[in-house]
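Participant: Here's a structure for you.
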Amino acid sequence: MIDLKLKNPLVFFDLETTGVNVTQDRIIEYSFIKVLPNQQTEVRTQRINPLMPIPAETSLIHGIYDEDVKDAPTFKTVARNLHKFLEGCDLAGFNIIKFDVPVLVESFLRENIEFDVSRRKLVDAQKIFHLMEKRTLSAAYKFYCQKNLEDAHSAEADTKATLEVLKAQVQRYEEQTVVDLQGNPVGVIRNDVESLHKVSTTKLVDLAGRFSLNDDGVEIINFGKHKNKLVEDVLASEPAFYDWMMKGDFPLDTKRKLTEIRLRSLKSRF
């Protein structure tokens, strides 16, 4: 892999927070990797006490709970040292421009520390990814059918284009095995709807993807501290999990699937 050509140190970073509100939520963990022009690196990772409760639904996503940060330093106590660490550095990350950078700036300003990003270069790998590997119907139509999509976002034009794209996909990939991000085979592209359905809905349990199927075809949780655990096992060991999800801001389809699993589990015990 190539080395990045740097004039200034480039700091890659990611933040875990109490939520997604830039002004109201607080940092609970950060990790910074500073890459120097000579390619040497320095890593700083630290948990932070946000001085506010971490919502349960947020903890289920990143696995950090109030107990984990109660003895951690506050941002106020690390701010000066961190600001010095970032001095003269450009910033990089994944989706940092929309979220991580604004949160970091707010955190410094809250401690009366000026953190002027206008003097720094910002590099967002997500932005580059989306620009270079577009995932729109127009891009797919151009790639598979070598045509420009006229009247994009017209329902009929989009529908006709999708029909052509699917035909072209079957023609291009027929009999090829599809693998997931972990390299596991999930199906084969064939010119029949059953095969295409299997590939399209790999391990799908609920439409929001909160649950999925493991290699044995059993439902597992797909997020939070219980990720990769069997749904039935969590329901048995932590009954409050069911009530939390049913009262939480989850899609009705997800709640329906959870209820189906719970009823099936209860029935199997008697």
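Participant: Which distance in nm do the two modelled labels at VAL179 and LEU4 give, with both placed 7 Å along the Cα-to-Cβ direction?
Facilitator: Placing both labels 7 Å along Cα→Cβ, they lie 2.8 nm apart.
Participant: Can you put CYS145, CYS89 in order, fewest other beta carbons within 10 Å first?
Facilitator: CYS145, CYS89
Participant: Hand me the trypsin sites (Lys or Arg not before Pro) from the stretch 131-200 located in a DSSP loop with no more than 14 other Cβ atoms within 10 Å, in residue order please.
Facilitator: Within the stretch 131-200, the qualifying trypsin sites (Lys or Arg not before Pro) (loop, at most 14 other Cβ atoms within 10 Å) are LYS134, ARG135, LYS147.
Participant: Putting +1 on Lys and Arg Cβ atoms and -1 on Asp and Glu Cβ atoms, find which of PRO239, ASN228, THR159 reaches farthest to the positive end of the dipole of the stretch 143-242.
Facilitator: ASN228
Participant: For the chain, what does the relative contact order come out to in percent, with C-alpha contacts under 8 Å and a separation of six or more? Spell out each step's value before the answer.
Facilitator: Details: 341 pairs, mean separation 31.5, N = 270.
Relative contact order, the chain: 12 percent.
Participant: Let me know the Kirkwood hydrodynamic radius for the chain, please, with Cα pairs as the basis and the value in Å to one decimal.
Facilitator: 22.7 Å
Participant: Across every pair of different alpha-carbon atoms, what Kirkwood hydrodynamic radius in Å does the stretch 10-129 reach?
Facilitator: Details: mean 1/r = 0.0675 Å⁻¹.
Answer for the stretch 10-129: a Kirkwood hydrodynamic radius of 14.8 Å.
Participant: Do any trypsin sites (Lys or Arg not before Pro) in the stretch 1-46 lie in a loop, going by DSSP, with at most 16 other beta-carbon atoms within 10 Å of their beta carbon, and if so which? Mind showing how you got there, number by number?
Facilitator: Details: sites: LYS5, LYS7, ARG26, LYS34, ARG44; in loops: LYS5, LYS7, ARG26.
Taking the stretch 1-46 and a limit of 16 other Cβ atoms within 10 Å, the loop trypsin sites (Lys or Arg not before Pro) found are LYS5, LYS7.
Participant: Hull surface divided by four, with the convex hull built on the Cα atoms of the stretch 136-270: how many nm²?
Facilitator: Working: hull surface 43.3 nm².
Seen from a random direction, the Cα hull of the stretch 136-270 projects 10.8 nm² on average.
Participant: Next question. Name the aspartates and glutamates eligible as straight-distance cross-link partners of LYS127: C-alpha to C-alpha under 15 Å, and not fewer than 8 places from it in the same chain.
Facilitator: Correct list for LYS127: ASP100.
Participant: So what is the calculated 222 nm ellipticity per residue for the chain, using -39500 (n - 2.57) for each DSSP H run with n of 4 or more, over all residues, to the nearest 500 deg cm²/dmol?
Facilitator: Details: 11 runs with 109 residues, N = 270.
Result for the chain, helices only: -12000 deg cm²/dmol.
Participant: Now a separate question. From the cross-link list LYS98/LYS147; LYS98/LYS229; LYS134/LYS257; LYS7/LYS134; LYS203/LYS227; LYS34/LYS76, which pairs have alpha carbons spaced over 23 Å apart?
Facilitator: LYS98/LYS147; LYS98/LYS229; LYS134/LYS257; LYS7/LYS134
Participant: Sort out for me the Cα centre separation of the stretch 201-225 from the stretch 37-99, rounded to whole Å.
Facilitator: 30 Å
Participant: Quick check for me: using +1 on Lys/Arg Cβ and -1 on Asp/Glu Cβ, what's the dipole size of the stretch 30-145 about its Cα centre, in debye to the nearest 20?
Facilitator: 480 debye
Participant: Let me know the longest stretch in the chain that avoids all GluC sites (Glu not before Pro) found in a DSSP loop with at most 14 other C-beta atoms within 10 Å.
Facilitator: It runs 176-270.
Participant: Here's a follow-up. Quick one: go through the stretch 113-135 and flag any residue whose amide nitrogen is under 13 Å from the point 7 Å out along the Cα-to-Cβ line of HIS83.
Facilitator: So the set is 113-117.
Participant: In debye to the nearest 20, how big a dipole does the stretch 204-270 give about its Cα centre with +1 on each Lys and Arg Cβ and -1 on each Asp and Glu Cβ?
Facilitator: That gives a dipole near 180 debye.
Participant: Using the Cα atoms as the points, what is the convex hull volume per residue of the stretch 204-270 in Å³?
Facilitator: Hull volume normalised by residue count: 83 Å³.
Participant: Hey, got the dipole for the stretch 64-128? About the Cα centre, +1 on K and R Cβ, -1 on D and E Cβ, debye to the nearest 20? Mind dumping the intermediate values first?
Facilitator: Details: 10 positive and 12 negative charges, 65 e Å.
For the stretch 64-128, the charge dipole is close to 320 debye.
Participant: Calculate, in nm to one decimal, what TYR65 and PHE94 gain on full extension: separation in residues at 0.36 nm each, minus their alpha carbon distance.
Facilitator: 8.1 nm
Participant: Excluding residues fewer than 8 places away in the same chain, name every one of the aspartates and glutamates whose C-alpha is closer than 15 Å to that of LYS198.
Facilitator: Candidates past the 8-residue exclusion: GLU174, GLU175, ASP180, ASP206, ASP215.
A short reminder: the numbers here are calculations on the coordinates, not readings from a lab. It should be emphasised that the depicted structure is a prediction, and the values quoted were computed from it without experimental measurement. Neighbour counts run over all protein chains shown; Cβ positions are idealised from the backbone, glycine included.
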